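The next block holds one structure in the form of structure tokens; read it before the comments.
The values are calculated or read from the model by the stated rules, or taken from the named source; none is laboratory data. These figures come from a predicted structure and were not determined experimentally. Cβ: placed from backbone, ideal geometry, glycine included. Neighbour counts: every protein chain shown. Surface areas here come from the heavy atoms of the whole protein model, side chains and all, with no ligands, DNA or RNA. Shrake-Rupley method; radii C 1.70, N 1.55, O 1.52, S 1.80 Å.
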Amino acid sequence: MSSNEIKYDVLTLGETMWRLSPPGRERLDTTRSLDVNVGGSESNVAIALARLGKRVAWWSRLPDNGPGRHVAATLRMHGVDVSGVCWDNGRLGTYFVEFGSPPRPTQVIYDRANSSASHMRPEDFDWSVIRHCRWLHLTGITPALSASCLETTRRAVHEARAANVPVSFDLNYRAKLWTPAQAAAVYDELAGCATVVIAAERDVRLMYGANGNAHALHERWNGAVVVLTRSADGAIAYDGKTDVEAPGYPVQVVDRVGAGDAFDAGLLCALLDGKPLGEALRWGNAVAALKLTMQGDIAVIHRAEVEHLLAEGSSAIQR
């Protein structure tokens, strides 16, 4: 495919919700107001990539009402193409986040059952678009939402492989959506068709035990590049020949939600730029670190500040 046929650097699809949270560290039991943020793993990745200068499209189903239009407008504001969204008369999924401080954990309560996005079907989308993309990014959240969402994810992978478009798949395990055994069976199917598989090290150990290491997973998933994130300890990866590692950054955490998605965006941006795997891990860690310093799911970052962090590793005042 010649470059003038490329419409998007990255296409992704999934559910995006309203995140409703009490201000500060208030409790849901007593709060009198809720802050509204837009959040969804795939749209978080899409927004960060768009802000890093990539051409990105996000597909989903949204309700044709105020909340749905707010989601679309938010993505559009950050430079993401939402023209492929399927609109219906359903409801927007929501989730509540009550932020805690040790020893009280942060609590997440989902209200996403029967949302518009959970009714995504393969026939909702124009799959010919994938032939004009450089990359397809998916997560393990979407196939957990419903049988039709699983079929939509499978169709996306099939279309990408038929068009020789690389696929990245982030397991993104959610214990409130399915059990480790249920998730592992689907992950094996989808990860086995992916070019790059990203996962939290703690999740693959939960599901695969002693076989939850990069070398074993590389073999299990038909030679995919395996990237394992390790929170504050950075990330490691194995491409079948070389083990690479990149340390994390010291961070004063403001909001942890969305940091994994920010990592994915940094990693994919670097890979699309032709950078080697080790450098791509560093990009992922840098974007994730910046995301951790800001409220909300979205990494409102600029390429220059990512490059500065990579070059200087410093949080000193820029004058």
Those residues of region 114-131 which are in contact (Cβ under 8 Å) with a residue 24 or more places away in the chain and open to solvent by 70 Å² or more (accessible area, probe 1.4 Å), in sequence order: Asn114, His119, Arg121, Asp126, Arg131
Report the residue count in region 132-148 for those that are closer than 20 Å to Gly93 by Cβ and either hydrophobic (A, V, I, L, M, F, W, C) or open to solvent by 30 Å² or more (accessible area, probe 1.4 Å) (or both). 7
Scan region 205-226 and give yes if some residue there is open to solvent by 50 Å² or more (accessible area, probe 1.4 Å), modelled with pLDDT of 95 or more and either closer than 30 Å to Pro22 by Cα or in contact with a Cys (Cβ under 7 Å, 6 or more places away or on another chain) (or both), otherwise no. no
I'd like the full set of residues that are over 20 Å from Thr12 (Cα atoms) and assigned to a helix (DSSP H, G or I), limited to region 248-290. Leu277, Gly278, Glu279, Leu281, Arg282, Asn285, Ala286, Ala289, Leu290
Filtering region 25-82 down to residues that are surrounded by fewer than 23 Cβ atoms within 10 Å (Cβ to Cβ), touching a residue at least 60 places away in the same chain (Cβ under 8 Å) and within 19 Å of Phe125 (Cα to Cα) yields Asp81
Of all residues in region 24-83, how many are more than 20 Å from the chain's Cα centre (by Cα) and of a type in the set (A, V, I, L, M)? 2
Of all residues in region 183-204 being aliphatic (A, V, I, L, M) and within 19 Å of Ala232 (Cβ to Cβ), the one that is surrounded by the most Cβ atoms within 10 Å (Cβ to Cβ): Ile198
Pairs, please: C-beta under 7 Å, at least 6 apart or cross-chain, first residue loosely packed, with under 14 Cβ neighbours inside 10 Å and in region 87-113, second of a type outside the set (Lys, Arg) and in a loop (DSSP other than H, G, I, E, B)? Asn89/Asp64; Gly100/Thr106; Gln107/Gly100
Scan region 231-247 for residues that are charged (D, E, K, R) and either assigned to a strand (DSSP E or B) or more than 22 Å from Asp188 (Cβ to Cβ) (or both) and jot them down. Asp233, Lys241, Asp243, Glu245
Would you mind telling me which numbered condition in (1) modelled with pLDDT of 95 or more; (2) β-branched (Val, Ile, Thr); (3) over 17 Å from the mean Cα position of the chain (by Cα) Thr139 fails? (3)
